[in-house]
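The values are calculated or read from the model by the stated rules, or taken from the named source; none is laboratory data. Remember, it's a predicted structure, so these values are computed and weren't measured experimentally. Note: ideal-geometry Cβ built from the backbone for every residue, glycine included; neighbour counts use all protein chains shown.
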Amino acid sequence: MAYILSFANQKGGVGKTTSAVNVAACLAHRGKRVLLIDMDPQGNTTSGVGVSKRGLKTTVYEALLGQVPVKAAIIPTRYDNLHLLPATISLAGAEFDLIDVIDRESCLKTALAPVVGNYDYVIIDCPPSLGLLTINSLTASNGAVIPMQCEYFALEGLSQLMLTIRKIKQHYNRQLEITGILLTMYNPRLNLTLQVVNELKKYYSDKLFRTPIVRNVKLSEAPSFGTPIIYHDPGSKGALAYIDVSDELIIRTSV
Ligand SMILES: Nc1ncnc2c1ncn2[C@@H]1O[C@H](COP(=O)(O)OP(=O)(O)OP(=O)(O)O)[C@@H](O)[C@H]1O
Ligand SMILES: [Mg+2]
């Protein structure tokens, strides 16, 4: 059975997609069978692994609404062991279309059930909101990885996210755990960064990933080639950081 992980944070631009794409690629590179799910209508994960959104007819949207079996929407990528359940802007309609659906929080879980046995990991990239798409992702997951930038408001956002996770655990998914908090765009030369890290260590020391993801220009240019960082520039600081985090993730999830 796959270990299902949501990369979630309602704050925008904190490195959810960069982390989901690159962790998925590193896990696949380690020989794990990985399904990467794009749950964001922006579709950045889809293009991030080199899949063109133009002309995609069958996506996570149709699978979520039960219009097609999920298998029909999953496509291989050009990378070994890495499959994709893609998204296009059509997914923006799902928040509305799911309103009247029974068990609307569990649609993704239900859709994935027939294929979870085929993978070691399912990695879900969530949109920057705590709406139904994120709730569906967390309801389907064993764990959440929370990518965070070391800014003051990040801590406020984190309490809100923890509250949502607690509610989802209570109502929809008892097994949901916080697998880890991942520091992104990390710059140890900034005082504020160190202050935020100290605060985080006070409350969540066991959750913090050992390796922070440094700010690295290679990480920001890789998506324009549709290439995860380990293939774009395997020796870069960004690649080494994501390899470390993925290896730690394998230990934390012991698959
Ligand atoms: N470690 C890093 N170093 C440099 N740039 C980064 C790093 N991580 C992410 N970025 C860049 O920061 C921007 C935001 O990252 P990303 O898209 O991964 O965030 P996100 O949380 O998925 O955003 P959204 O909330 O819009 O989905 C992107 O342009 C990305 O290339
Ligand atoms: Mg994103």
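Restricting the first member to segment 104-130 and to residues that are closer than 19 Å to THR253 by Cβ and of a type in the set (Asp, Glu), and the second to residues that are within 16 Å of ligand 2 (Cβ to nearest atom) and part of a helix (DSSP H, G or I), the beta-carbon pairs closer than 7 Å and six or more apart or on different chains are ASP125/LYS16; ASP125/THR17; ASP125/ALA20; ASP125/THR45. Against the list (1) assigned to a loop (DSSP other than H, G, I, E, B); (2) touching a Ser or Thr at 6+ places or on another chain (Cβ under 9 Å), the condition LEU183 fails is (1).
In segment 98-108, is there at least one residue being at pLDDT 95 or above, assigned to a helix (DSSP H, G or I), over 19 Å from the mean Cα position of the chain (by Cα) and surrounded by 15 or more Cβ atoms within 10 Å (Cβ to Cβ)? The answer is yes, given that some residue of segment 98-108 is at pLDDT 95 or above, assigned to a helix (DSSP H, G or I), over 19 Å from the mean Cα position of the chain (by Cα) and surrounded by 15 or more Cβ atoms within 10 Å (Cβ to Cβ).
Selection of segment 211-252 for residues being crowded, with 19+ Cβ neighbours inside 10 Å, within 16 Å of ligand 2 (Cβ to nearest atom) and assigned to a helix (DSSP H, G or I) yields LEU219, ALA222, PRO223, ILE229, TYR242.
A count restricted to segment 75-97 and to residues that are surrounded by fewer than 19 Cβ atoms within 10 Å (Cβ to Cβ) and not in a loop (DSSP other than H, G, I, E, B) stands at 9. Of the numbered criteria (1) within 21 Å of LEU161 (Cβ to Cβ); (2) within 14 Å of ligand 1 (Cβ to nearest atom), the one TYR3 fails is (2). Screening LEU133 with (1) within 16 Å of ligand 2 (Cβ to nearest atom); (2) farther than 25 Å from VAL101 by Cβ; (3) buried (at least 22 other Cβ atoms within 10 Å of the Cβ) gives one miss only, at (2).
Restricted to segment 25-48, and to residues there that are closer than 12 Å to ILE229 by Cβ and more than 13 Å from ligand 1 (Cβ to nearest atom), the residue that is surrounded by the fewest Cβ atoms within 10 Å (Cβ to Cβ) is HIS29. Contact map, segment 71-83: residues that are within 15 Å of ILE230 (Cα to Cα) paired with residues that are charged (D, E, K, R) and surrounded by 15 or more Cβ atoms within 10 Å (Cβ to Cβ), Cβ distance under 6 Å, separation 6+ or inter-chain. Pairs shown: ASN81/ARG33. Among the residues of segment 109-132, those that are of a type in the set (A, V, I, L, M) and either over 20 Å from the mean Cα position of the chain (by Cα) or part of a helix (DSSP H, G or I) (or both) comprise ALA111, LEU112, VAL116, LEU132.
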